[in-house]
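Just so it is clear, none of the values below were taken in a lab; they were calculated from the coordinates. In this text, all values refer to a predicted model and were calculated from it rather than measured experimentally. Cβ placement follows ideal geometry from the backbone for every residue including glycine, while neighbour counts extend to all protein chains displayed.
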Ligand code: XMP
């Protein structure tokens, strides 16, 4: 007899009671959980919810602008923070996947802590933690968990000393989506594939440069747009592209080229713990491969990942 409507009604009432005139700071990631948590808290306390959305330089193409715009349309009090350069600096020269994750986690904490300090009298930290995150203590998902796994580096940042409000911590993912739908979140946010916190940084194998990010953003956007156009986006659980640290020989007109290789990855899954490679139509793969090679400068070869998890993982790093 659980319904999203009654959950919203009770939770908003409880949040009003609990938070009163207090201020809450919350980091938005563009994903479902943080967005739904923000909408719920916003219903309870309005402008006293201060949302922060950080551009870490490794988001999808146009994602920062698009998502920020939809948050504003929803009426959220949201500050977009362009921290691209700080993240690129922190990532310079790093190739090891865990080193990249740590650099991104630490930089996010520094940026978020700085922003939280700018909000006078804030006393709560809002988080989009959902029930599986609570029971699965090893979870590495999302900014909140990134924070948890790094908070022992050099003492607790100040915002971690705030009281925590987690309105979704009894819900499963499908319930979170139902609540989001009731709250009027657009399908573009609700139906979104999972996207890792470290973003494209773990899809560029090896070291990160703004130029590589730019190439991968273009490839990823063509792939995702293609999936949507062909009605395949909602049939796969997650999809994306990897920029490989190899160059290969190709031919363009009379010229020999020596350029980058990208791997496309699309999987079907229930929870990401196990996954099968998505059996996308050959026709689609053929077209998307041509489109990518023709349109993205610096890429002359596309491969499709046909590994399942286990033994492979979804991401390549
Ligand atoms: P793997 O590659 O382990 O990925 O099969 C399983 C799911 O987790 C996501 N993932 C991450 N999410 N921070 C995140 O927030 C991370 O460091 C991270 N690594 C993997 C991945 O995108 C997939 O959905």
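Among 249, 219, 24, the largest mean-square fluctuation in a Gaussian network model of the chain (Cα springs under 10 Å) belongs to 249. The angle between the Cα long axis of helix 282-295 and the longest principal axis of the Cα atoms of the chain comes to about 90 degrees, rounded to the nearest 10. Helical content of the chain, expressed as a calculated mean residue ellipticity at 222 nm, amounts to -13000 deg cm²/dmol (DSSP H runs of 4 or more residues, -39,500 (n - 2.57) each, divided by residue number, nearest 500). Among beta bridges identified by DSSP and lying wholly in the chain, the antiparallel ones come to about 40 percent. With angles folded into 0 to 90 degrees, how steeply does helix 63-73 sit against the dominant principal axis of the chain? Use alpha carbons for both and round to 10. So the helix axis and the longest Cα principal axis differ by about 30 degrees. Taking 116, 286, 44 in turn, the Gaussian network model of the chain (Cα-Cα springs below 10 Å) assigns the largest fluctuation to 286.
At a threshold of 8 angstrom on Cα-Cα distance, excluding pairs fewer than six apart, so keeping six or more, what relative contact order does the range 4-190 reach in percent?
Details: 266 pairs, mean separation 54.9, N = 187.
For the range 4-190, the relative contact order is 29 percent.
For the chain, a Gaussian network of Cα nodes joined below 10 Å ranks 135, 104, 306 by mean-square fluctuation, and the top entry is 135.
Relative to the longest principal axis of the Cα atoms of the chain, the long axis of helix 97-117 lies at roughly 40 degrees. Counting other Cβ atoms within 10 Å as a rough exposure proxy, the listed residues 309, 100 run 309, 100 from fewest neighbours to most.
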